[in-house]
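Participant: Submitted below is the structure of interest, expressed as structure tokens.
Rule-based calculations on the coordinates, nothing more; no lab input. Note that the structure is a prediction, hence the values are computed from the model and not measured. Neighbour counts are summed over all protein chains in view; Cβ atoms, including those assigned to glycine, are modelled from backbone coordinates with ideal geometry.
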Amino acid sequence: MHVRKAVIPAAGFGTRLLPLTKTVPKEMLPLAGKPVIQYIVEEAVASGIEEIILVTSPNKKALEDYFDSNFELEHQLEATGKGSVAQQLRTIRDMAAFTYVRQKQPLGNGHAVLAARHAVGNEPFAVLWGDDVLVGRPPVLKQLIQVAERNDAPVVGVRQVAENDFEKYGMLEVELIDGRLSRAISVIEKPSRTEAPSDLAQIGGFVLTPDIFDLLASAEVGPSGEIYLADALIKLMQIRTVYAYAFEGTRYDAGNHMDYLKASLELALADPSIGPPFREYLASLGWRGVNGPL
């Protein structure tokens with residue numbers, strides 16, 4: 001198994017961050033000088049991904065523009081002695097090959113992944129959510145890819161969450177294999193405390209095989225009228241081995257107000273250019289012991 005493509009569903013309205021996201025896609029919100037989506041793409045590229053497939057909607061053209069060329073702007077920057085800034089823009093453009101797929105209707109995260117079927121083709125691929133910022137050494141996705149390639153099987157990223165958060169996630173039933181690695185048995189989407197099969201939540205992305213597409217295409221539409229990736233994963237777990245890996249690293253849900261604020265602070269502190277002066281500023285306000293995400 002060789003994973004070289006990543007699907008990033010980024011078609012949602014960002015309702016949890018309204019009114020901020022009424023005109024600005026949540027994936028374009030700034031975090032320490034870069035938009036959220038750039039962190040996600042950079043993690044994918046650092047994990048060996050060569051092609052990024054962004055699943056978008058009509059109000060997300062800013063995502064396409066961000067990773068595209070802007071010759072007029074680059075020329076203006078070069079002409080005014082700001083060639084280094086122009087080079088930064090070209091570096092962003094050239095990070096990977098970018099493909100854009102339109103999700104024609106907002107019919108759930110499974111439907112968004114299914115929309116990328118033809119772009120993915122018949123090969124394994126990663127899935128990263130457009131508002132999940134992951135920070136790890138090695139990168140979180142690389143950890144999942146290493147497990148997938150070693151076992152020639154799909155992998156779900158997981159981590160332990162508090163009981164109060166069970167209702168926010170797909171919670172996994174697993175059989176522990178060794179250390180951080182388990183076999184995934186089933187998933188219950190947003191269960192109550194008493195219904196959850198474990199405290200392991202589906203967080204951190206996925207490495208999937210192309211047979212997931214047939215399962216998504218035949219998946220039943222849920223009560224909300226949406227198709228969920230979790231439903232197809234349950235079927236996949238019934239026909240082949242799927243692993244769950246408790247990754248090492250930090251995850252920020254950038255679609256959540258509090259996590260967005262945490263990410264803004266901690267990623268700024270971790271940035272080598274702005275971190276030291278920012279830490280000095282916080283110290284001048286009386287803050288002590290302020291660190292970055294790792």
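Participant: Given that compact globular proteins tend to follow 2.2 N^0.38 Å, what is the ratio of the alpha-carbon Rg of the chain to that value?
Facilitator: 1.03
Participant: Also, I was wondering about something else. What does the charge count near residue 106 come to, summing +1 for each Lys or Arg and -1 for each Asp or Glu among other residues with Cβ under 13 Å from its Cβ?
Facilitator: Net charge around residue 106: +2.
Participant: From the residues 76, 222, 187, which one has its Cα farthest along the dipole of the chain in the positive direction, the dipole being from +1 and -1 charges on Cβ of Lys/Arg and Asp/Glu about the Cα centre?
Facilitator: The residue sitting most towards the positive pole is 76.
Participant: Distances longer than 25 Å among the Cα atoms of the range 1-147: what percent of all pairs is that?
Facilitator: 30
Participant: Please state the relative contact order of the chain as a whole percent: Cα pairs under 8 Å, 6+ residues apart?
Facilitator: It rounds to 22 percent for the chain.
Participant: To continue, here is another question. Strictly over 31 Å apart at the Cα level, which of 5/82; 5/235; 60/262; 82/142 would you flag in this model?
Facilitator: Over 31 Å Cα-Cα: 5/82; 82/142.
Participant: Rank these for me by crowding, 111, 2, going from fewest to most other beta carbons within 10 Å.
Facilitator: 2, 111
Participant: Provide 24, 147 in ascending order of the number of other Cβ atoms located within 10 Å of each residue's Cβ, fewest first.
Facilitator: Starting with the residue having the fewest Cβ neighbours, the order is 24, 147.
Participant: Taking only Cα atoms and a 10 Å spring cutoff, compute GNM fluctuations for the chain and point out the largest among 61, 22, 82.
Facilitator: 82
Participant: Gaussian network model of the chain, Cα springs within a sub-10 Å range: biggest mean-square fluctuation belongs to which of 32, 86, 119?
Facilitator: 86
Participant: Right, another one. What is the order of 113, 161, 120, 221, fewest Cβ neighbours within 10 Å to most?
Facilitator: Ranked by crowding around the Cβ, least crowded first: 221, 161, 120, 113.
Participant: Which ³J(HN,Hα) values in Hz, rounded to whole numbers, follow from the phi angles of the range 212-218 under the Karplus curve 6.51 cos²θ - 1.76 cosθ + 1.60, where θ = phi - 60° and Gly and Pro get x?
Facilitator: Couplings: 5, 5, 5, 5, 5, 5, 9 Hz.
Participant: Specify whether the C-alpha gyration tensor of the range 122-163 places it in the rounded, prolate or oblate class, a ≥ b ≥ c being the square roots of the eigenvalues: rounded for a/c under 1.5, otherwise prolate if a/b is larger than b/c and oblate if not.
Facilitator: prolate
Participant: Counting only helical runs of four or more DSSP H residues, what would the 222 nm mean residue ellipticity of the chain come to if each run contributes -39,500 (n - 2.57) and the total is spread over all its residues?
Facilitator: -10000 deg cm²/dmol
Participant: Compute the distance from the alpha-carbon center of the range 222-294 to that of the range 117-147, in whole Å.
Facilitator: Rounded to whole Å, the Cα centres lie 15 Å apart.
Participant: With springs only between Cα atoms under 10 Å apart, run a GNM on the chain and tell me which of 121, 204, 83 wobbles the most.
Facilitator: Ranking 121, 204, 83 by mean-square fluctuation puts 83 first.
Participant: A follow-up question, please. Quick one: of the DSSP bridges fully inside the range 5-279, what percent are antiparallel, nearest 5?
Facilitator: 60
Participant: Through the Karplus equation 6.51 cos²θ - 1.76 cosθ + 1.60, θ set to phi - 60°, convert the phi angles of the range 17-29 into ³J(HN,Hα) values in whole Hz; use x for Gly and Pro.
Facilitator: Calculated HN-Hα couplings, in order: 10, 4, x, 4, 8, 5, 10, 10, x, 4, 5, 9, 5 Hz.
Participant: By the scheme Lys and Arg +1, Asp and Glu -1, what is the net charge of all other residues having a beta-carbon under 12 Å from that of residue 207?
Facilitator: +1
Participant: Among 47-56, 94-103, 240-249, 163-172, what's the highest-first ranking by average C-beta atoms within 10 angstrom per residue?
Facilitator: Highest to lowest by the protection proxy: 47-56, 240-249, 163-172, 94-103.
Participant: What full-extension length gain, to one decimal in nm, is calculated for residue 183 and residue 102 as 0.36 nm per residue of separation minus the Cα-Cα distance?
Facilitator: Roughly 25.8 nm would be gained on extension.
Participant: Work out the length of the dipole vector of the range 5-279 about its Cα centre, built from +1 on the beta-carbon of each Lys and Arg and -1 on the beta-carbon of each Asp and Glu, and round it to the nearest 20 debye.
Facilitator: About 380 debye.
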